[in-house]
1. What about Val52, is it farther than 20 Å from Val141 by Cβ, open to solvent by 10 Å² or more (accessible area, probe 1.4 Å) and either polar (S, T, N, Q) or out of contact with any Asp or Glu (no Cβ under 9 Å at 6 or more places or on another chain) (or both)?
2. Restricting attention to the stretch 18-38, which residues are over 11 Å from the mean Cα position of the chain (by Cα) and buried (at least 20 other Cβ atoms within 10 Å of the Cβ)?
Amino acid sequence: MPATSEARVVGRTWVTRKGVHVDRIASAWLIRRFIDPQARFLFVDPPQVAEVARETGAVPFDIEGVELSHVGERCSFDTILKLFDIEGEPSLARLALIVRGADTARPDLAPEAAGLHAVSLGLSELAGDDDHGLLQRGFAVYDALFAWLRFASSE
């Protein structure tokens with residue numbers, strides 16, 4: 001990976017660590033909304049991610065040692081934007097800054113970062129161990145945040 005041709009990306013299975021939080025929710029949202037609308041997600045114990053990826057052909061993300069993960073101070077969300085060549089969309093670039101600030105305890109990067117971190121912690125409490133349920137709730141938050149960035153951030 002990255003597989004930038006649509007035929008290689010659509011309908012893939014993606015695997016990451018269970019217990020999703022800011023960057024993994026944001027990355028899954030980015031994948032589903034802009035890269036692979038039919039994406040299926042698997043959540044496994046961290047030591048199992050590489051093995052599950054090998055056995056199933058799933059694309060691993062947001063775990064050390066894989067291409068779609070943190071690079072320096074940048075999050076997996078940033079890496080995915082860059083590798084799939086969608087970082088030029090201004091609202092996504094601004095969302096990346098918010099995600100990075102929330103995920104890396106750098107609320108100084110964007111005023112919205114602390115709020116996103118708080119909302120993510122609340123969603124985690126509501127979802128418990130249900131990562132798929134957390135994605136569903138989290139996608140609504142990222143859809144709303146992205147819509148605000150695109151159409152209403154000047155208000």
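The values are calculated or read from the model by the stated rules, or taken from the named source; none is laboratory data. The shown structure was predicted, so the numbers you read here are calculated from the model rather than taken from an experiment. With ideal geometry, Cβ positions are generated from the backbone for all residues, glycine too; neighbour counts draw on all protein chains shown. Heavy atoms of the whole protein, side chains included, go into the accessibility calculation; ligands, DNA and RNA do not. Shrake-Rupley method; radii C 1.70, N 1.55, O 1.52, S 1.80 Å.
1. yes
2. Ile35, Asp36
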